[in-house]
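The values are calculated or read from the model by the stated rules, or taken from the named source; none is laboratory data. Quick caveat: nothing in here was measured; it's all calculated off a predicted structure. When we count neighbours, we look across all protein chains shown, and the Cβ atoms used for this are built from the backbone with ideal geometry, even at glycine. When the accessible area is computed, the model is the full protein with side chains, heavy atoms only, and any ligands, DNA or RNA have been set aside. Shrake-Rupley method; radii C 1.70, N 1.55, O 1.52, S 1.80 Å.
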Amino acid sequence: MQRQQLSHLRMIGFSFGSVGTGLFATTPTVLLLFYLTQLKGVHAGLAGFALLIPKLWDMVTDPIIGRWSDTTRSKYGRRLPFMLTGALLMPLGLVLMFSVPETATPLVAFWFVLVAYLFSATAYTLFAVPYITIPSELSNCPDERLKIMSYRTSGVMFGIILGSGLPPFLITYFGQDATAYQLTALVLGIICFSFLLVSMLSIKSHRLLEPEQKPTDLSFLQQMLRVMTPLFSYLVITHVLQITAVGILLASATYLAVFSNGLAPAAAGSFLTATFVTAMVAMPLWQKLSMLTSRVTAFALGAVGYMLVAIAMLTYGLNIAYWHFIGLGVGFGLGFAAIQMIPYALLTDTIHQHGEQHGFGSEGMFTGIWTASEQLGLAVAPFLVGLALQYGGFIAGSEAQSETAIRTILLTATLLPSALMFLSLFALYAFHRLYHKGPSHSGRF
């Protein structure tokens, strides 16, 4: 691939797509479980199942869309037609998820949300998979790709802030009933589409790097097996474990605020806002550290830091003061910045290393598998939370919960993510060792 420079303005414009995808992916993780259990009376385990199935569907559709975008040829390029279709459908799906009819029984509410979420997940795939592929087509310089991913990750952080911090305040403003959730989804859908549109316009006139070697005539399964190298597989395992840990915190935040600490629901928004604002501020520090040491070293430090904060929250126990609660959110943000930004930079490096050895043309397949695994982590998280709450005696729709249920919330939100972060370090170490056994590489791992 030839070298091609990208202006800072275009990098910023491109990163706006991450704001939209971050907002869209985070909102259901933060709100949907609570919406189903407390407003629609769906049992916690069944509600978690409604969030799991669409993400399992993503594991099927993401690689398919990735391969499809690899082989598509149009006057608008390989990726933009998919992105436009997804951008148009995503806001509609977001509103549908929170539009369960008032007369619906808990079982009908479950099926309504499940179908709406399946629709939304497919729309997300159409935009996100091609979008995440594009950074590997913007530059073949590792440091420049790291810079692109830094911009993109800052966009993700801002999107996550909007998707996690803004909804509790909007819901409070609109009245904290089912209609308030629907109006909140409408506002967020409009915001989401605006950012996705700006992102597409920013690269519409920019010529993306095309593979110098055309994809081979491998079948879908053969191509998938070809890109699932041990190096890539360990990176995926690391990311899935960590994103599941983060998703558990997102899904538990409102329960932590309301039931474990006796705070208002809006406190969950403040907690998550503190987390992701801190992550945005810390991003340049992690970028600099990863260039001074190595990406894997910085990555590992971020994971350890996140794990230690989770243990600190468990040690503090229940009914902690509001500002201590927010302070823990700041601590989570410091670690989250690293485990959100650096894996994507390692992904682009892995794609390029594979391309140099086996030929380019499978970039969409890589990101399709990557996005599918990420969505799986974000789906497994609320499912695990819902399952834990149900077995811990949580009563859906009730404002008063037993001591066992309250303690279950705390243990689920802290101990389980810590264990997942710890396990991810073994996969990261395996990735690091396998990389250094490779013949040659560009950039610093």
Please report the carbon-and-sulfur percent of the accessible area for the range 283-343; probe 1.4 Å, protein heavy atoms only, DNA, RNA and ligands left out. 75 percent
Give the peptides 57-69, 118-130, 20-32, 402-414 in descending order of average Cβ contacts within 10 Å, highest first. 20-32, 118-130, 57-69, 402-414
Spelling it out for S294: with amide H atoms placed in the peptide plane at 1.01 Å from N, the residues 5 or more places away or on another chain with amide H under 5 Å from its amide H are none
Mind ranking 342-351, 316-325, 227-236 by how tightly packed they are, going by the mean number of other C-beta atoms within 10 angstrom, highest first? 342-351, 227-236, 316-325
If each Cα of the range 249-328 is one equal point scatterer, what is log10 of I(q)/I(0) from the Debye formula at q = 0.12, 0.14, 0.17, 0.19 Å⁻¹? -0.41, -0.54, -0.73, -0.84
